[in-house]
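Below is one structure, written out as structure tokens; the observations come after it.
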């Protein structure tokens, strides 16, 4: 009897025909060894399984290997807009109190158009490779001043507070420190000043009265009067605060006197 004589002739019980099954795992290779009596092929070999091997033992659906004809492979190109992170630059400054970071320029994220080659098997993404990138908007670098000076030094404390102006809270903090240092006005007078300038501008250094043209935190009329304390009067809250406090000192004596006048006349 020949080697194949042990197998039943083809008929209704015939073994399935051999398919080209890629040997992609150790499990498949081990199955081939068992069924061929130890005869194996190289891992990168394209040799087909011998016809007397029952290939059903080699195919483990969705776990070990698959016939490419049974799956849908898709290659596509996708483009999306993504954020580009900004960098930060830090400079140490001995005129600013240690432990304080002052933002001289706020960082802003940029944007980029990124193109990917995407591969899918049966609608499920299996890989994504970046193949192109185009900057739409450049990010803006953040610039920080990091203090190293003595926070107990009043000049350093004032410089630190001035560096943090630009917000309502920052503007108030600077004003409180400055009027105390310059005029000796304490908590009571600051409370009056806080209320007065809340009524005038809500402590907004960019506030402008549409009807009169009064400008800034103290609502100077015209705003150009504040140039005596700095050419940056339009944008620098500290310049506006210094001018406004000096105006109050010379005209009313104290913020509380100025507030009383404001209540009575709706201006000061």
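Return the FRET efficiency for the residue pair residue 146, residue 235: r is the Cβ-Cβ distance, R0 is 25 Å, and the value is rounded to the nearest 0.05. Before the final figure, lay out the partial values.
Numbers: r = 23 Å, r/R0 = 0.92.
It comes to 0.60.
What distance in nm separates the two pseudo spin-label positions at residue 199 and residue 169, each 7 Å out from Cα along the beta-carbon direction?
If labels sit at residue 199 and residue 169, their model points lie 2.7 nm apart.
Can I get the semi-axes of the stretch 73-142's equivalent ellipsoid? Compute them from the C-alpha gyration tensor as square roots of 5 times the eigenvalues, in angstrom, largest first.
Working: eigenvalues 352, 30, 11 Å².
Equivalent ellipsoid of the stretch 73-142: 42, 12, 7 Å, largest first.
Return the whole-Å distance between the Cα centroid of the stretch 152-169 and the Cα centroid of the stretch 209-246.
Each part reduced to its Cα centre gives a spacing of 19 Å.
What translational diffusion coefficient, to the nearest whole µm²/s, does the stretch 165-265 have by Stokes-Einstein, given a Kirkwood radius computed over alpha-carbon pairs, a temperature of 10 °C and 1.306 mPa s viscosity? Write down the numbers at each step before the final one.
On the way: Rh = 13.2 Å.
In µm²/s, the coefficient rounds to 120.
Under a plain spin-label model, where a point goes 7 Å from the Cα along Cα-to-Cβ, how far apart in nm are residue 92 and residue 79?
In this crude label model, residue 92 to residue 79 measures out at 4.7 nm.
What's the FRET efficiency of residue 70 with residue 115 using the Cβ-Cβ distance as r and R₀ = 25 Å, to the nearest 0.05?
On the way: r = 31 Å, r/R0 = 1.23.
With R0 = 25 Å, the Cβ-Cβ based efficiency is 0.20.
Once you have the Cα-Cα distance between residue 126 and residue 211, take 0.36 nm times their residue separation minus that, and quote the gain in nm to one decimal.
On the way: separation 85, 0.36 × 85 = 30.60 nm, distance 6.42 nm.
The span from residue 126 to residue 211 would gain 24.2 nm if fully extended.
If one puts a single equal scatterer on every Cα of the stretch 83-189 and applies the Debye formula without solvent, what log₁₀ I(q)/I(0) results at q = 0.10, 0.12, 0.20, 0.21 Å⁻¹?
Values returned for q = 0.10, 0.12, 0.20, 0.21 Å⁻¹ are -0.51, -0.61, -1.02, -1.06.
Any read-out appearing in this document is the output of simple, stated calculations on the displayed coordinates, not a laboratory observation. All figures in this text were calculated on a predicted structure; none of them were measured in a lab. Note that we place each Cβ from the backbone using ideal geometry, even for glycine, and neighbour counts take in every protein chain shown.
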